[in-house]
Each structure stands twice: as structure tokens, then as C-alpha cells.
Amino acid sequence: MALQESEAIVLRTYPLRESDLLVTLFTRAEGKVRGVARSAKKSKRRFGGALEPMTYVRAFYDVRERQELVRLDSCEVLKSPMATEVTYPRAVALAHVAELLDELLPDREANDAVFRLTLSVLHVLTGPDVWMPVTYFDLWLTRLVGFLPELTECVVCGRDLNGSRAYFHALADGLMCPEDKRLASSEISSESRALAAKMFRASVDTFAGIPWPKTKGADLRKFLIQALQRHIEKKLVTAGMLEKGEF
């Protein structure tokens, strides 16, 4: 059987036996695919540095009937995150993108919109200034996987939130007006809601080079992470790392 070929992004690798690796790929053709790379630790010709997490590759693999894992034959590097310096903030941000994709995407379900989003964010995630690309990726991914509620009206009473204060709660979907907010709710500023609206109208490149401290959009990121964690029913490891990071 001929090998299948697809653009792909390496999400994670795990040791498997002495020289093999278990690899999770986000392929353009088939979505998330898991496979075994035989002798990957030894074969520089077939893999080289292509299996580093978040490397954009052209993958060649063999799909076998009634087998969950594919056989990864080789990978050609199209763009490597190692091409520029991997600072700690950037390493955490790249790991965050990988974790979200691995946790949220179903196996073997192509999603070209998410694939294009990931490539566009990786294109600008090249230095230590990570908060803009992380905010953009979290916002758009939450929308594309169908977990983003309406940001302009109260989920309880339907009141228009434009010009009004708005709140969210870790255990509830959507935003709430001051009258309907739950105990221990957090506020999301009108500035962050306006920022989200701008991000939905423009590409990530539009925001490149704009000063973006950790405080900018922090409440929006908190809202998005809570929504994602509520749906996958687990904590995101990298979200905690980003929250604690002093960068």
C-alpha cells in the first residue's frame, strides 16, 4: 500500500521501546493521528529533528486497516521552532498550543480552519513576547471548537452587555450582567471584550509588534481557559504555567 502524505504539526512524542517513539501529529489531511516512528531515535535520515514538538512537517505514514496507530515512515521539516531561540516563555507558549490541540481535537477528524490558525500563530510566536499570540490562539480555538458563548449578551436574561459590566463563573457558560452574576464571579472588562471583537475581524499578523504585557487581556484569557477546562473536564497544565510565569 502506498504511503499517505500530509502536512502536519508534531504535538507530542513519547519513548516507546528502546529506539521507537510514539508520536501525536495534527495532520492537515486527517486531523489528529497517533503513530509509531520505528527507530526514530537512531534514524537521522528519516526524521532528524523533525519530531521536536510544534515542528511543521510533511509526514509520510502508513495507515493499516483495523489498527489505531499508523506507522510513521519519515518526516520532512518545513519549519522548525528550533530555528529561533527557544526562551522559557516561548517554550511554555508552544507547549500550551500543543496541549490545547491534543486535548480538544478528536482523532481522525480533519479541521483545516484550526490547522491554518495554528500555522498563523506559530508564524508570529518566534520570540519571548508570547501574550498576544497566546490570547489570539485561545480565543479563536475556543470559537472554532464550538465552546465560545455569545460575548455581547447576558446568558441568563439576554440583556445587551454593550456598555454594561459583565461577569463570568468557572462553573457556568457565558457572560452575566451585574444583576444575574453568581457568587464568586470574575469580571471581564469592556476593553477585553472589545479586544476579542477586534481579533475576530483581523489576522494575527495585524497585532504583531504591538506592546502586549501579561495584564492585557488577562481576564479574557482566564474566561477562555475556564470555558475550555469546563468542557474537557480537566485542568490544563500549561495554563497554570502561563499564569505563574513572570514574563
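The values are calculated or read from the model by the stated rules, or taken from the named source; none is laboratory data. Treat the numbers as computed from the prediction; the structure is a model and nothing was measured. We place every Cβ from the backbone using ideal geometry, glycine too, and count neighbours over all the protein chains shown. Surface accessibility is based on the protein's heavy atoms, side chains included, excluding ligands, DNA and RNA. Shrake-Rupley method; radii C 1.70, N 1.55, O 1.52, S 1.80 Å.
Here the range 37-52 is the region considered, the condition is being surrounded by fewer than 18 Cβ atoms within 10 Å (Cβ to Cβ) and either hydroxyl-bearing (Ser, Thr, Tyr) or within 24 Å of the chain's Cα centre (by Cα) (or both), and the residue that is modelled with the highest pLDDT is 52.
In this structure, residue 24 does not satisfy being farther than 15 Å from residue 118 by Cβ, at pLDDT 90 or above, in a strand (DSSP E or B) and among the hydroxyl-bearing types (Ser, Thr, Tyr).
Scanning the range 119-139 for residues that are in a helix (DSSP H, G or I) and within 13 Å of residue 217 (Cβ to Cβ) returns 131, 132, 133, 134, 135, 136, 137, 138, 139.
How many residues does the range 61-75 contain that are in a strand (DSSP E or B) and β-branched (Val, Ile, Thr)? Outline the logic, then answer.
To start, the set of residues in the range 61-75 that are in a strand (DSSP E or B) comprises 61-62, 70-75.
Remaining after also requiring β-branched (Val, Ile, Thr): 70.
Qualifying residue count for the region: 1.
Apart from one condition, residue 220 fits all of (1) touching a helix residue (DSSP H, G or I) at 6+ places or on another chain (Cβ under 7 Å); (2) without any contact (Cβ under 8 Å) to a residue 40 or more places away in the chain; the exception is (2). Check whether at least one residue in the range 180-196 is within 23 Å of the chain's Cα centre (by Cα), part of a loop (DSSP other than H, G, I, E, B), modelled with pLDDT of 95 or more and surrounded by fewer than 17 Cβ atoms within 10 Å (Cβ to Cβ), and report yes or no. For the range 180-196, residues within 23 Å of the chain's Cα centre (by Cα), part of a loop (DSSP other than H, G, I, E, B), modelled with pLDDT of 95 or more and surrounded by fewer than 17 Cβ atoms within 10 Å (Cβ to Cβ): absent. Only one of the listed residues (181, 214) is in contact (Cβ under 8 Å) with a residue 40 or more places away in the chain and in contact with an Asp or Glu (Cβ under 9 Å, 6 or more places away or on another chain). That residue is 214.
The set of residues from the range 163-179 being of a type in the set (A, V, I, L, M, F, W, C) and open to solvent by 50 Å² or more (accessible area, probe 1.4 Å) comprises just one member, 171. The set of residues from the range 167-213 being more than 21 Å from residue 143 (Cβ to Cβ) and not hydrophobic (A, V, I, L, M, F, W, C) comprises 178, 179, 180, 181, 182, 185, 187, 209, 211, 213. Within the option set 91, 83, 110, 166, being modelled with pLDDT under 95, more than 12 Å from the chain's Cα centre (by Cα) and aliphatic (A, V, I, L, M) holds for one residue only, 83.
Of everything in the range 204-247, what is closer than 17 Å to residue 151 by Cα and open to solvent by less than 80 Å² (accessible area, probe 1.4 Å)? Give them in sequence order.
Taking the range 204-247 first, the residues closer than 17 Å to residue 151 by Cα are 217-228.
Residues satisfying the conditions are 217, 218, 219, 220, 221, 223, 224, 225, 226, 227, 228.
Residues in the range 5-28 that are open to solvent by 60 Å² or more (accessible area, probe 1.4 Å), closer than 25 Å to residue 103 by Cα and out of contact with any Asp or Glu (no Cβ under 7 Å at 6 or more places or on another chain): 5, 14, 15, 17.
Is the range 106-127 home to any residue that is acidic (Asp, Glu), in contact with a Leu (Cβ under 7 Å, 6 or more places away or on another chain) and either within 21 Å of residue 195 (Cβ to Cβ) or open to solvent by 40 Å² or more (accessible area, probe 1.4 Å) (or both)?
Residues of the range 106-127 that are acidic (Asp, Glu), as a first pass: 107, 109, 112.
Now drop any that are not in contact with a Leu (Cβ under 7 Å, 6 or more places away or on another chain), which leaves none.
No, that holds for no residue.
Of all residues in the range 53-68 being of a type outside the set (S, T, N, Q) and open to solvent by 70 Å² or more (accessible area, probe 1.4 Å), which is nearest to residue 95 (Cα to Cα)? For the range 53-68, the residue satisfying everything is 58. Only one of the listed residues (34, 90) is in contact (Cβ under 8 Å) with a residue 60 or more places away in the chain, out of contact with any Lys or Arg (no Cβ under 8 Å at 6 or more places or on another chain) and within 30 Å of residue 146 (Cα to Cα). That residue is 34.
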